Structures are given as structure tokens and as C-alpha cells.
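Colleague: Sharing a structure, written as C-alpha cells. Questions coming.
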Amino acid sequence: MTSWQLARTFRTTSGDEVRWAALGEERAGAPAVVLLHGTPFSSYVWRGVARALAARHRVFVWDMPGYGASEQRDGQDVSLGAQARVFRELLGHWELTGEAAPAVVAHDFGGCVALRAHLLHGARYARLALVDPVALAPWGSPTYRLLGAHPDVFGQLPSALHRALVREYLSSASRPGLRPEVLDRLAEPWCTEAGQPAFYRQIQQNDQRFTDEIEGRYGELGLPTLICWGAQDSWIPVAKGHELAARIPGAQLRLIEGAGHLVQEDAPAELTAALAEFLRADG
């Protein structure tokens, strides 16, 4: 299994421990890039892209509270609203504010987190790339809504059944299918004693109102924006990509053939090339 460790920690104002890492040498003039994951994933899905971009950039990755290596606990607020506030705090901790504003690359619900941080909390970005983002209503499959409506019930499933459910759900994000070692790594955080209730908790809290609150403001985005979309995404149809690109002034839309929702795993070379080209203007 590919090694991927987040060795640094940050304590949020809400008390959650967030794990993060920075790749690439700290050198003068190296533009900063921050990568945001979605659900039910972690920064692990960005490992290949992050390492490739680190040749020219200072790349920051993190696991959101409740995900991956970051803290999972009862009563935790892991909503999209909370994640956006944590992201704004992290940017300050990394000193990526003002003239040092980074480029941001966000996947799935990380897209909503990045958009909320920018539109509602004043986070500044040099440019923004959205990869199959959660941004436009309606979103959430019938299965997703069922799991979110009954977290206490599903949280009591026998561990073997829960593990099978998580693995099947994760697998459906990929068009060609996930390699066994990748599926193992993505599923593992959700299959511990703390991870099983955390899996259903995050679904329950991810209400569509968090995109409804900002959807009408996408026309205000005044920064270079790239939208990448897996052409065979079965979680969020590619039509949403076209609609989102039409709402954001000057946005570019790049479709990636052969990729499902988890483009980082399905077409890493194509996605990395698209992002590198988009980021090149930053230095």
C-alpha cells in the first residue's frame, strides 16, 4: 500500500484535532496549493496529484474533522458549515492569507467547503479548481439520503455488514473500479469502533441547505476557475458541470473521459495534467 502519512496537527477553535501535511520544498516564489477532499474520502485520494504538483508548488493537504486520520468523536460537528470555518482557520495557521493566498483545488463536498469559506468567510484564493464538486441542488442519491435519515439504526449494524456497505459505497465512486489496496485504505477509517458511527454522522449532517445558502452567489466569483468533471460520474451527473460552469464568470470546463466521480483514482494523469496547466499561471 502506498505510504501516506499526515504528521502535523492543528487544534481547531471547536476543539477538533486536524491532521495535515505540506509537500514540496519551502522556497521563495513557490506558489501554494491547497487540496480539499470530499466524502467519504480523505486526503489519501490526492496522494499522486499532490506529489506531482509538489515539484513546482508548496502543496498543503489535510483530513477534515471526522475523516481519515483526523479526530472522530461523538457529538462532533462535521457539517459543511463547520468544515468551511475550519478551512478558514487552517489558512490562517498556514499563513496563506492576503497576498499569500493559495490556489485551491477541491473535490466533491470539498467544493462546497471551499466555496463557503470564500463567499461567506472571506477566504482569499489565487485561483480555484473544482473537481466533480457538490455545489448545485439537488444532490445526494436515494441511498445517501436513506443512510443519513437513520444514522442510529445503521450505526448498530454488525461490523461485517457495515464494512461491506462502506466498501460497496466507496466502490461505486469509481468507473473502472478501485484497486483492492486503495479500497482498503479508504474504508479503514470508517470500520473502527469510532469510525462506524462517524460514517453515518457525516452523512446525516451534510444537508443540502449548505449549498442552497451560496448557490445564488456563484456569479460573484471573480477569480480564475477551472471545473473538472469525470465524464462517467454516476454520483453527480456531468450536466451539473455544464450548469456550474455557466454560472461562474469565465469558468473553464474540462471533461475527463473514462472517469467516474473519483477522478483522482480513475484518471490521475489526465487530472494532474489539467490542474498543472491551470496552475501554471501562478508561477
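The values are calculated or read from the model by the stated rules, or taken from the named source; none is laboratory data. For clarity, every value in this text was computed on a predicted model and none was experimentally measured. Here the Cβ is made from the backbone with ideal geometry for all residues, glycine too, and neighbour counts use every protein chain on show.
Colleague: What residue, of Leu223, Leu244, is aliphatic (A, V, I, L, M), part of a loop (DSSP other than H, G, I, E, B) and either more than 22 Å from Ala187 (Cα to Cα) or without any contact (Cβ under 8 Å) to a residue 12 or more places away in the chain (or both)?
Modeller: Leu223
Colleague: Right, here's the next one. Which of the residues that make up region 236-282 are of a type in the set (Asp, Glu) and either on the phi > 0 side of the Ramachandran plot or out of contact with any strand residue (DSSP E or B) (no Cβ under 6 Å at 6 or more places or on another chain) (or both)?
Modeller: Glu243, Glu257, Glu265, Asp266, Glu277
Colleague: So is Val182 more than 30 Å from Ala103 (Cβ to Cβ), surrounded by 15 or more Cβ atoms within 10 Å (Cβ to Cβ), at pLDDT 95 or above and of a type in the set (A, V, I, L, M) or not?
Modeller: no
Colleague: Out of contact with any Cys (no Cβ under 6 Å at 6 or more places or on another chain), farther than 28 Å from Glu213 by Cα, outside any helix (DSSP H, G or I) and of a type in the set (Val, Ile, Thr): does that describe Val34?
Modeller: Criteria not met by Val34.
Colleague: Report whether or not Val263 is more than 18 Å from Gly48 (Cβ to Cβ) and either among the basic types (Lys, Arg) or under 19 Å from the mean Cα position of the chain (by Cα) (or both).
Modeller: no
Colleague: If I ask for residues that are over 27 Å from Glu99 (Cβ atoms) and either out of contact with any Leu (no Cβ under 6 Å at 6 or more places or on another chain) or of a type in the set (Ser, Thr, Tyr) (or both), which ones from region 10-36 would you list?
Modeller: Those that are over 27 Å from Glu99 (Cβ atoms) and either out of contact with any Leu (no Cβ under 6 Å at 6 or more places or on another chain) or of a type in the set (Ser, Thr, Tyr) (or both): Ser14, Gly15, Asp16, Glu17.
Colleague: Is it the case that region 82-96 has a residue that's assigned to a loop (DSSP other than H, G, I, E, B), touching a residue at least 24 places away in the same chain (Cβ under 8 Å) and not hydrophobic (A, V, I, L, M, F, W, C)?
Modeller: No; the residues of region 82-96 include none that is assigned to a loop (DSSP other than H, G, I, E, B), touching a residue at least 24 places away in the same chain (Cβ under 8 Å) and not hydrophobic (A, V, I, L, M, F, W, C).
Colleague: What's the number of the only condition in (1) out of contact with any Lys or Arg (no Cβ under 8 Å at 6 or more places or on another chain); (2) under 23 Å from Trp190 (Cβ atoms); (3) of a type in the set (Phe, Trp, Tyr); (4) not in a loop (DSSP other than H, G, I, E, B) that Tyr67 fails to meet?
Modeller: (4)
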